[in-house]
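Visitor: Pasting in a structure now, in C-alpha cells, and then I'll have a few things to ask.
The values are calculated or read from the model by the stated rules, or taken from the named source; none is laboratory data. Worth saying up front: this structure is predicted, and the values here are computed from it rather than measured. Cβ sites come from the backbone with ideal geometry, for glycine too, and all protein chains shown count toward neighbours.
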Amino acid sequence: MVDFEEYKRIGDLINSGSLGDARSAVINLLDSRTKRNLPCNEILNHLIREVGLYPYMSPETSDWKDVFAANMFRADVGDEEDSTLHLEQAHILRRLLQGESLAVSAPTSFGKSYIIDAYIAIRKPNCVVIIVPTVALANETRRRLAQKFSGRYAIITTTDETPTGKDIFVFPQERAFAYMDVIQSIDIFIVDEFYKASLKDDRADRLLSVMIEFGKKAKQKYFLGPNIDQ
C-alpha cells in the first residue's frame, strides 16, 4: 500500500502522545500526496481526524464516524455555508464564546481570522475594535469583513465616520486615537501583533497607550501574535 509505512509511523506517534510531531507528519504527507495527485483515503482521513486537522479531511472517502466527528467542528464564520475549524481554532473559539480574554501565539497559517469571523457571526457583538499593524492590513481586513458582515455592521476604517451602534472598527493604532472618546464600550478588543507594544519606538508607545485605554472599555480582549517564546 502506498505510504503504509508512513501511516504506521504517524499512528505510533499518536499512540505515544506525540500529537505535535504526528500533526507535522500528517501535513507533510498531505503535501506529498497532493504533489503526486493522490487523493485522501480512509486511513489518511482517520489520521487527519486524530490530529485535529478536520478541514483537510475528504468526507467522500472517510468513514462515517470520522465525518460525524468533523461535523462537530463546523462553525458559522459569516459565509453562506459553515466552515470546518481545526482543533486548536475550535478550542480558542469556544473559550472566547465563554467570555474569556486570550493572548494567542500562533503562526500566520493558523487561521486566526476564521476565529474572529466566527465569533462575530455567532456572538453578534455590538462593538468590535480590531487594531492591526498597517493601513494595508486594515484595508485587507475591511474587505474580508465587508463581504460577510456589511449588511449588519458599519465597517469603520477611517477617522471621520460616525458609529451606528453596530460597528466593527479596523485601523492601525494611530487612527484609534480619533475614537478614544467616541467609543464608550467594546464587546471584544482585538490586537494583531500585540507583541510590538514591547518594542522601543514611538509606534510601540502609541500601541501600548491604545491597548491600555481601549482595554479599560473592553468586556473581552483577544491579542494575536506569531510564535512567541516569552
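Visitor: Which of the numbered conditions does residue 30 fail, given that it passes all the others? Conditions: (1) farther than 20 Å from residue 116 by Cα; (2) surrounded by fewer than 19 Cβ atoms within 10 Å (Cβ to Cβ); (3) out of contact with any Phe, Trp or Tyr (no Cβ under 7 Å at 6 or more places or on another chain).
Guide: The single condition residue 30 does not satisfy is (3).
Visitor: Going by what's in this entry, would residue 134 be described as surrounded by 16 or more Cβ atoms within 10 Å (Cβ to Cβ), β-branched (Val, Ile, Thr) and under 21 Å from residue 211 (Cβ atoms)? If you could, list the steps in order and put the result at the bottom.
Guide: Values: surrounded by 16 or more Cβ atoms within 10 Å (Cβ to Cβ): no; β-branched (Val, Ile, Thr): yes; under 21 Å from residue 211 (Cβ atoms): yes.
So residue 134 fails the test.
Visitor: Quick one: how many residues across segment 188-206 are crowded, with 17+ Cβ neighbours inside 10 Å and either assigned to a loop (DSSP other than H, G, I, E, B) or at pLDDT 90 or above (or both)?
Guide: Count: 5.
Visitor: For segment 40-98, which positions are under 22 Å from residue 149 (Cβ atoms), of a type in the set (Gly, Ala, Ser) and touching a Lys or Arg at 6+ places or on another chain (Cβ under 8 Å)?
Guide: Residues satisfying the conditions are 78, 83.
Visitor: Tell me which of these residue 83 doesn't satisfy, since it passes every other one: (1) surrounded by 20 or more Cβ atoms within 10 Å (Cβ to Cβ); (2) within 28 Å of residue 153 (Cα to Cα); (3) polar (S, T, N, Q).
Guide: (1)
Visitor: Looking at segment 57-80, which of its residues are buried (at least 17 other Cβ atoms within 10 Å of the Cβ), under 26 Å from residue 142 (Cβ atoms) and touching a Ser or Thr at 6+ places or on another chain (Cβ under 9 Å)?
Guide: Of everything in segment 57-80, those that are buried (at least 17 other Cβ atoms within 10 Å of the Cβ), under 26 Å from residue 142 (Cβ atoms) and touching a Ser or Thr at 6+ places or on another chain (Cβ under 9 Å) turn out to be 75, 77.
Visitor: Take the residues of segment 116-134 that are among the hydrophobic types (A, V, I, L, M, F, W, C) and free of Cβ contacts under 8 Å to residues at least 60 places away in the same chain: which is nearest to residue 186 (Cα to Cα)? Walk me through how you get there before you give the answer.
Guide: Within segment 116-134, the subset among the hydrophobic types (A, V, I, L, M, F, W, C) is 116, 118, 120-122, 127-132.
Then keep just the ones that are free of Cβ contacts under 8 Å to residues at least 60 places away in the same chain; that gives 118, 120-122.
Working: 118: 17, 120: 13, 121: 16, 122: 17 Å.
Per the criteria, the residue is 120.
Visitor: For segment 163-204, name all the residues that are in contact with a Ser or Thr (Cβ under 7 Å, 6 or more places away or on another chain), among the hydrophobic types (A, V, I, L, M, F, W, C) and either in contact (Cβ under 8 Å) with a residue 40 or more places away in the chain or on the phi > 0 side of the Ramachandran plot (or both).
Guide: Once the filter is applied, which keeps residues that are in contact with a Ser or Thr (Cβ under 7 Å, 6 or more places away or on another chain), among the hydrophobic types (A, V, I, L, M, F, W, C) and either in contact (Cβ under 8 Å) with a residue 40 or more places away in the chain or on the phi > 0 side of the Ramachandran plot (or both), segment 163-204 yields 170, 171.
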